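Asker: One structure is given below, represented as structure tokens, and several questions about it will come after.
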Amino acid sequence: MAETGGRLAGETAIVTGSTSGLGKQIALGFAAEGARVAVTGRNRERGAAMVAQIGEAGGEAVFLPADLSRPEDCEELVRQVVERFGTLSVLVNNAVDASRDGPLLEVEIDSWEQKLRVNLTAAAWLCRAALPPMIERGGGSIVNVSSRAAERGTPGLAAYTASKGGLNALTRSIAIDYADRGIRCNSITPGYILHETRDRDMDAAKRARVEGQHLTRLATAEDVTWACVFLASRESEVITGIDLPVSGGSTTARGLSFG
């Protein structure tokens, strides 16, 4: 249940890709910490269910569908949020296309453009739309959900890797360019997070192999949510321009686990 004294009390947040998966958990966590949350996605039924779930727990949310690959949709999304809540202080760019694309010689042009459009360009357009109202209120926090692939190349993911590397670079650029306007911009790199659909049939051998890439344990969606809450809150007022791995040490241990 949202509490008056929550860590995000008084904040208004947009969380993209928040009708399912990691984005859903982040939106629920933000609402539980007192933020008013704009849930976004394309599935209206799941969006309505999210708003109802947050409301039943005592929080406040609205579902606003948007095609974030369209700059005009990004602008309209922010306009509606400001119209509804009066302000905007937090943006979490979580929406992602994580489908496999292939080594560069095998990547189709459409696949390349789709990955960059969803994973990088959409985040850029939404940041651009969100910056003016954040600056007007005296500051805000942007959190971009990145990937280990941005810093550690992964076979067969040329387009995805490039898009996430670009997202990290965009994060640093925004942090530098708008620090004097009260804007903080950071990214989070989750580790391997168990997914109820993807990993439903994971056997013991694969589970052991995945766990062997971590120094502590597999990260959960809740772990990433608490990191997002921290970066969105005043607790991290002096932190900007960084990438925060929430990966159980897998960024460090990856090389060790494969010899």
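Asker: To make sure I understand the rule: partners must be lysines, Cα under 23 Å from the Cα of residue 164, and not fewer than 8 residues away in the same chain. Which ones qualify?
Answerer: Candidates past the 8-residue exclusion: 24, 115.
Asker: Right, something else. Please rank 243, 180, fewest neighbouring Cβ atoms within 10 Å first, as an exposure proxy. Intermediate results must be reported in sequence, preceding the final value.
Answerer: Working: 243 17, 180 7.
Exposure proxy ranking, most exposed first: 180, 243.
Asker: Something else about it: Can you tell me how much longer the chain between residue 200 and residue 136 gets when fully stretched, taken as 0.36 nm per residue apart minus their C-alpha distance, in nm with one decimal? All intermediate terms of the calculation are to be shown ahead of the outcome.
Answerer: Working: separation 64, 0.36 × 64 = 23.04 nm, distance 4.59 nm.
Fully extending the segment from residue 200 to residue 136 adds 18.4 nm.
Asker: Another one. On C-alpha positions alone, give me the angle between the axis of helix 158-178 and the longest principal axis of the chain, in degrees, nearest 10.
Answerer: For 158-178 against the chain, the angle is about 40 degrees.
Asker: Mean-square fluctuation check for the chain, GNM, Cα pairs under 10 Å: which of 13, 49, 122 is largest?
Answerer: Of the options given, 49 has the highest mean-square fluctuation.
Asker: I would also like to ask the following. Arrange the following residues from fewest to most other Cβ atoms within 10 Å of their Cβ: 30, 85.
Answerer: On the way: 30 32, 85 18.
Going from least to most buried by this count: 85, 30.
Asker: About the Cα centre of the chain, how large is the charge dipole given +1 on each Lys and Arg Cβ and -1 on each Asp and Glu Cβ? Please answer in debye to the nearest 20. Spell out each step's value before the answer.
Answerer: Working: 28 positive and 32 negative charges, 84 e Å.
The calculated dipole for the chain is roughly 400 debye.
Asker: Using a Gaussian network model on the chain with a 10 Å cutoff between Cα atoms, which of 111, 99, 247 fluctuates the most?
Answerer: Maximum among the listed residues: 99.
Asker: Here's a follow-up. I'd like the orientation of helix 71-85 relative to the chain: the angle between its Cα long axis and the longest Cα principal axis, in ° from 0 to 90, rounded to 10.
Answerer: Between the helix axis and the principal axis of the chain, the angle is about 50 degrees.
Asker: Rounded, prolate or oblate: which fits the range 133-209 when a ≥ b ≥ c are the square roots of the eigenvalues of the alpha-carbon gyration tensor, with rounded for a/c under 1.5 and prolate only if a/b beats b/c? Before the final figure, lay out each step's value.
Answerer: Values: a/c = 3.90, a/b = 2.20, b/c = 1.77.
Because a/c hits 1.5 or more and a/b exceeds b/c, the range 133-209 counts as prolate.
Asker: Can I ask one more? Note the listed values (1) 22.5, 77; (2) 16.9, 49; (3) 17.9, 55, then indicate which one is Rg and Dmax of the Cα atoms in Å calculated from this particular structure.
Answerer: Checking each listed value against the structure points to (3).
Asker: Please work out the Cα center distance from the range 97-162 to the range 196-240, rounded to the nearest Å.
Answerer: Using only Cα atoms to place each centre, the spacing works out to 19 Å.
Asker: Each label point is 7 Å from the Cα along the Cα-to-Cβ direction; what then is the distance between the points at residue 20 and residue 151, in nm?
Answerer: Spacing of the two 7 Å Cα→Cβ label points: 3.0 nm.
Asker: Ok, one more. Rank the residues 134, 202 as a footprinting-exposure proxy: fewest other Cβ atoms within 10 Å of their Cβ go first. Please report the intermediate quantities before stating the final value.
Answerer: On the way: 134 24, 202 13.
So the ranking, lowest neighbour count to highest, is 202, 134.
Asker: Of the candidates 246, 238, 51, which one comes out as most mobile in a Gaussian network treatment of the chain with C-alpha springs shorter than 10 Å?
Answerer: Answer for the Gaussian network model of the chain: 238.
Every number here is computed from the coordinates shown, using simple stated rules; none is lab data. What you see is a predicted model; the values in this text were computed from it and never measured. As a convention, Cβ positions derive from the backbone with ideal geometry for all residues, glycine included, and neighbour counts pool all protein chains shown.
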